[in-house]
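Novice: I have a structure I would like to understand better, so I am pasting it below and will then ask my questions one at a time.
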Amino acid sequence: MTKRVAILISGGGSNMVSLVESMTGNHPARPVLVMSNDPNAGGLAKARALNVPTYAVDHKPFGKDRAGFEAALQDALEKARPDIICLAGFMRILTPAFTSQWEGRMLNIHPSLLPKYKGLHTHARALEAGDKEHGCSVHEVTAELDGGPILGQAKLAIDPDDTPDTLAARLLPLEHKLYPQVLQRYAAGDRTPLFIDG
Ligand code: GRF
């Protein structure tokens, strides 16, 4: 049975594009929705160009009412009936009330070698720490921010003259390689962690 995948974005959606473009042929999943918390997210136009239904729930009118924002997300998701949710550059923190409803069915990509550098500014933190390698992780989403079981990681060597921006730019293509491979395995019921050396 083909798995239905909803992808949540906040910005350009480059990871979303990689995921959508990977779901073809005998891939066990197909995209059914791309949703953003920003109605102006560039990724929404890219999703439409790829013929994927889109929706936006602007988080700003909700202010601090996270429950209200998440209820609007949930309404849209219940209409799309996804089997799997992929967070892909989605920059809103989700409450345990929301994550618990999707635990075991929701993935995220995080630009660090988890459990190192949960949260923001991961590239700068790896550089400040003098790390020799960096990378990205795909994990199942739980109530703990960036804390769920790891399903895949891709690594690259940090260059001496790397800046946070150059590191982010060199890491992004690895994200685009890792996430689709993890999703394909996950949709086929395989949760064996995948490790890629970039
Ligand atoms: C990526 O670095 C991803 O790891 C992080 O958001 C950044 C932008 O992602 N979560 P995208 O281009 O919007 O997919």
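Rule-based calculations on the coordinates, nothing more; no lab input. A quick note: this is a predicted structure, and the numbers were derived from the prediction, not measured. For neighbour counting, all protein chains shown are included, and Cβ atoms are generated from backbone atoms with ideal geometry for every residue, glycine included.
Novice: Within 11 Å, Cβ to Cβ, of ILE196, how many net charges do the neighbouring residues add up to if Lys/Arg are +1 and Asp/Glu are -1? Let's see the in-between values first.
Specialist: Working: positive: LYS155, LYS177; negative: GLU175, ASP197.
Summing Lys/Arg as +1 and Asp/Glu as -1 gives 0.
Novice: What's the center-to-center distance, using Cα atoms, between region 1-15 and region 100-126 in Å?
Specialist: 16
Novice: What net charge do the residues around THR2 carry, taking every other residue with its C-beta under 10 Å from that of THR2, with Lys and Arg at +1 and Asp and Glu at -1? All intermediate terms of the calculation are to be shown ahead of the outcome.
Specialist: Values: positive: LYS3, ARG4, ARG30; negative: ASP83.
Its environment carries a net charge of +2.
Novice: For a quick check of your reading of the filter: which GluC sites (Glu not before Pro) in region 10-101 sit in a DSSP loop and have no more than 16 other Cβ atoms within 10 Å? The partial results should precede the final answer.
Specialist: On the way: sites: GLU21, GLU70, GLU78; in loops: none.
In loop regions of region 10-101 (DSSP not H, G, I, E or B), there are no sparsely surrounded GluC sites (Glu not before Pro).
Novice: Taking K and R as +1 and D and E as -1, what net charge do the other residues with C-beta under 15 Å from the C-beta of GLU103 add up to?
Specialist: -3
Novice: What area, in nm² and to one decimal, does the C-alpha convex hull of the chain cast on average over all directions?
Specialist: Values: hull surface 43.1 nm².
Orientation-averaged projected area of the Cα hull: 10.8 nm².
Novice: Between 0 and 90 degrees, rounded to the nearest ten: what's the tilt of helix 66-80 against the longest Cα principal axis of the chain?
Specialist: Helix 66-80 and the main axis of the chain meet at about 70 degrees.
Novice: Can you list the GluC sites (Glu not before Pro) in region 105-194 that are in a DSSP coil and have 12 or fewer other beta carbons within 10 angstrom?
Specialist: Numbers: sites: GLU128, GLU133, GLU140, GLU144, GLU175; in loops: GLU144.
Listed in order of number, the matching sites are GLU144.
Novice: Return ILE109, ILE84 ranked ascending by Cβ neighbour count within 10 Å, so the fewest neighbours appear first.
Specialist: Numbers: ILE109 25, ILE84 19.
So the ranking, lowest neighbour count to highest, is ILE84, ILE109.
Novice: What does the charge dipole of the chain about its Cα centre add up to, to the nearest 20 debye, if the Cβ of each Lys and Arg holds +1 and the Cβ of each Asp and Glu holds -1? Let's see the in-between values first.
Specialist: Details: 21 positive and 22 negative charges, 115 e Å.
The dipole of the chain has a size of about 560 debye.
Novice: Then there is this: Arranged by the count of other C-beta atoms within 10 angstrom, fewest first, what order do MET23, MET91 take? Don't skip to the end; give the middle numbers.
Specialist: Values: MET23 21, MET91 15.
Going from least to most buried by this count: MET91, MET23.
Novice: Grab the DSSP H runs of the chain that are 4 residues or longer, score each as -39,500 (n - 2.57), total them, divide by all residues and round the 222 nm result to the nearest 500 deg cm²/dmol.
Specialist: Working: 6 runs with 70 residues, N = 198.
Value at 222 nm, helices only: -11000 deg cm²/dmol.
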